Amino acid sequence: MHLSCSCRHAYPGGFRLDIELETDAWRCGLYGPSGSGKSSIVRLLAGVWRADAARVAIGDRVVCDTDAGVWVPPERRGFGVVFQDPHLFPHLTVAGNLDYAARRARGGSIRRAEVEDLLRLGDLLDRRPGSLSGGERQRVAIGRALLTSPALLLLDEPLAAVDAGHRVEVLTYLERVALAWRVPMLLVSHDQSDLRRLAQEVFVFRDGRVAGHGGPEILSDPRVQPGEQVTNVLRLERSEDDPGLARLGSAVLQLPPSLHGSGRRVYAAVSSGAIALSAAPATDVSIRNSLPGVVRSVVPRGGAVFVLVDVGQELWVAVTPSAADEMGLHAGQSLCCLVKTHSLGGLG
Amino acid sequence: MAEVVGLTLWVAVTAVGIGLPPAVVGGYLLARWRHPARWVVETVVNLPLVIPPVVTGYLLLVVFGRGGLLGGWLESLGLRIAFDWKGAVLAAAVVSFPLMVRATRIAFAGVDQRLEAAARSLGAGPLDTFLTVSLPLAWRGIVSGGVLGFARSLGEFGATIMIAGNIPGVTRTIPLAIYSEVQRPGGLAGAGVLVGLSIGLAAVALAVSEWLERRERRDAPVV
């Protein structure tokens with residue numbers, strides 16, 4: 001799938017939107033604070049909003065081009081949309097909502113029985129949307145959008161109205177959907193953990209522009225992210241012998257009790273400010289986890305110096321300018337990242 | 001008496017039957033249309049609500065009377081409006097139209113536009129969306145608008161007497177019958193029965209309308 005979208009728009013309040021994005025990722029994420037222009041892009045793609053100047057194409061199909069006077073109405077774009085609020089039709093049952101989409105589907109390979117099975121909608125069919133929980137509603141909305149066999153599934157903050165306990169559940173269903181049908185997805189979120197789990201490529205929005213894009217690790221990049229610190233996410237593999245230990249490359253980390261569990265994969269979040277650098281493997285310190293690595297780049301920003309270290313995956317470490325000076329930090333340098341066990345946390 | 005009541009109900013039902021469909025379309029357009037010229041349309045539509053019904057009747061007579069702008073032409077087609085029950089229907093429809101537009105406009109304004117956007121994204125065209133989402137979600141408001149228009153039609157007097165006259169058995173509805181009765185010496189008592197009937201019908205219509213609106217509020221989805 002190749003999606004290209006460019007959009008320029010001046011809002012009456014003075015806010016300007018100037019977005020260019022091109023992606024080949026099957027699961028693409030848009031990240032940014034509210035008011036950064038993410039939702040405008042979704043509405044542009046969905047065909048419910050017109051920008052001053054815009055061009056949108058999926059593959060070689062152009063659905064909107066203000067210069068050429070092309071505007072495909074939403075019902076003929078074949079894009080499924082799941083909004084923040086599920087927008088289920090209140091006058092229809094769950095089955096009625098699904099039928100509504102299935103009857104209007106133009107061909108496509110996604111079958112009703114499969115959708116009901118995968119999203120576990122079977123028990124909900126006779127219910128009215130008003131009697132469903134937030135997570136159930138969002139599941140129905142995802143199923144309804146899927147039944148049109150969309151060329152692209154737009155997910156605009158689909159987890160924002162879902163309570164914390166059901167977020168992971170809905171995310172898991174989205175992952176299953178992505179695997180089962182390879183539906184291209186565009187996920188909009190202001191939550192990093194959603195995007196780290198689901199997106200292959202992330203566009204970071206700030207003030208109506210794309211501040212940067214790349215793999216999910218861009219979410220930890222201090223050159224793109226504002227704020228004093230950035231959050232690194234370590235993808236670890238749990239030891240088979242001890243649930244409190246996990247491997248990262250050749251190094252072994254001790255996990256805090258909150259991350260003791262059973263899953264093979266462990267995602268551990270650690271702030272750039274909670275990692276120390278040491279020129280030699282540290283002995284005589286309380287820090288248990290020492291990860292050998294190589295400096296990739298050194299980025300002074302504000303009152304700190306951010307150092308990108310490759311320890312088998314890339315980690316951002318924030319140090320003081322004086323520490324950076326004294327250690328003579330430079331790209332290519334070998335050193336160790338010291339990570340306190342209790343500075344490791346869960347995702348989201 | 002039965003004849004008068006029957007004619008009145010017939011005129012009111014027909015007036016709503018003719019006026020409600022365009023009122024639904026007009027109400028929808030006014031609820032969704034965001035054009036600056038909207039207020040002009042709204043003013044024109046609401047005018048019969050505030051101008052004296054006699055003036056409405058006069059204008060109808062100018063247009064639909066035998067020597068009127070359209071009246072002669074319509075009569076050559078075999079459609080006689082002035083001093084016919086059809087004139088009474090036209091008068092009732094015109095006078096109750098703004099009430100029905102207002103009710104349907106409010107009903108459509110209460111339909112979440114994002115539901116309409118969702119329908120479009122699922123492949124429904126604009127007309128499909130109107131028929132399958134907007135209309136079903138607004139139907140209670142539309143029905144209550146129809147009931148309101150019906151009640152207003154029952155009581156129509158000024159415009160009716162201008163365009164349709166007061167012909168027993170043809171255009172004499174309850175309000176006109178009350179007027180005629182009172183004109184007769186000693187007719188005050190005879191009019192009382194008709195007055196009671198009139199109040200009763202209007203009260204039932206209002207109660208139905210109110211009941212529908214209450215149900216609508218109760219069933220409204222929590223957003």
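The values are calculated or read from the model by the stated rules, or taken from the named source; none is laboratory data. What you see is a predicted model, and the numbers here were worked out from it, not measured in a lab. Reconstructed Cβ throughout: ideal geometry from the backbone, glycine too, with neighbour counts over all protein chains shown.
Key figures for this structure:
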| item | result |
| --- | --- |
| Members of region A:228-284 that are under 28 Å from A:S322 (Cβ atoms), under 25 Å from the mean Cα position of the chain (by Cα) and of a type in the set (A, V, I, L, M, F, W, C) | A:V230, A:L234, A:A269, A:V270, A:A274, A:I275 |
| Any hit, region B:127-140, residues being modelled with pLDDT of 90 or more and away from chain A (no Cβ under 11 Å) | yes |
| Answer residue from region A:114-135, given it is among the charged types (D, E, K, R) and in contact with a helix residue (DSSP H, G or I) (Cβ under 6 Å, 6 or more places away or on another chain) and is farthest from the other protein chains (Cβ to nearest Cβ) among those | A:E116 |
| Yes/no for A:V170 being modelled with pLDDT under 90 and at negative phi | yes |
| Hits in region B:128-181 (condition: part of a loop (DSSP other than H, G, I, E, B) and aliphatic (A, V, I, L, M)) | B:A164, B:I167, B:V170 |
| Strands (runs of 3 or more DSSP E) contained in region A:199-260 and holding at least 1 residues among the aliphatic types (A, V, I, L, M) and touching a Lys or Arg at 6+ places or on another chain (Cβ under 6 Å) | A:231-238, A:245-248 |
| Residue within region B:41-58 that is in contact with an Asp or Glu (Cβ under 9 Å, 6 or more places away or on another chain), more than 30 Å from A:D85 (Cα to Cα) and free of Cβ contacts under 8 Å to residues at least 24 places away in the same chain present | no |
| Residue within region A:104-116 that is more than 19 Å from A:V183 (Cβ to Cβ) and acidic (D, E) present | no |
| Residues being among the hydroxyl-bearing types (S, T, Y) and surrounded by fewer than 24 Cβ atoms within 10 Å (Cβ to Cβ) - total across region B:95-131 | 1 |
| Helices (runs of 4 or more DSSP H) fully within region B:30-127 counting 2 or more residues that are over 26 Å from B:S144 (Cα atoms) | B:53-64, B:71-76, B:113-121 |
| Strands (runs of 3 or more DSSP E) contained in region A:43-128 and holding at least 1 residues more than 14 Å from A:P150 (Cα to Cα) | A:53-58, A:61-65 |
| Residue match in region A:63-70 (condition: modelled with pLDDT of 90 or more, within 24 Å of A:V224 (Cβ to Cβ) and within 14 Å of another protein chain (Cβ to nearest Cβ)) | no |
| Lone unmet requirement of (1) under 30 Å from A:R77 (Cβ atoms); (2) away from chain A (no Cβ under 14 Å); (3) free of Cβ contacts under 8 Å to residues at least 12 places away in the same chain for B:G186 | (1) |
| Residue ID - surrounded by the fewest Cβ atoms within 10 Å (Cβ to Cβ), chosen from residues in region A:286-323 that are outside any strand (DSSP E or B) and in contact with a Leu (Cβ under 9 Å, 6 or more places away or on another chain) | A:R288 |
| Per-region count, region A:253-272, residues in contact with a Leu (Cβ under 9 Å, 6 or more places away or on another chain) and of a type in the set (S, T, Y) | 3 |
| In region B:6-53, the residues that are of a type in the set (S, T, Y) and out of contact with any Phe, Trp or Tyr (no Cβ under 8 Å at 6 or more places or on another chain) | B:T8, B:T14, B:T43 |
| Any hit, region A:75-88, residues being more than 10 Å from every other protein chain (Cβ to nearest Cβ) and touching a strand residue (DSSP E or B) at 6+ places or on another chain (Cβ under 6 Å) | no |
| Selected residue (only one of A:L153, A:L147, A:L118 is at pLDDT below 90 and assigned by TED's automatic domain parsing to the domain that holds A:V42) | A:L118 |
| Test: residue in region B:128-139 that is over 28 Å from A:G78 (Cα atoms) and not charged (D, E, K, R) | yes |
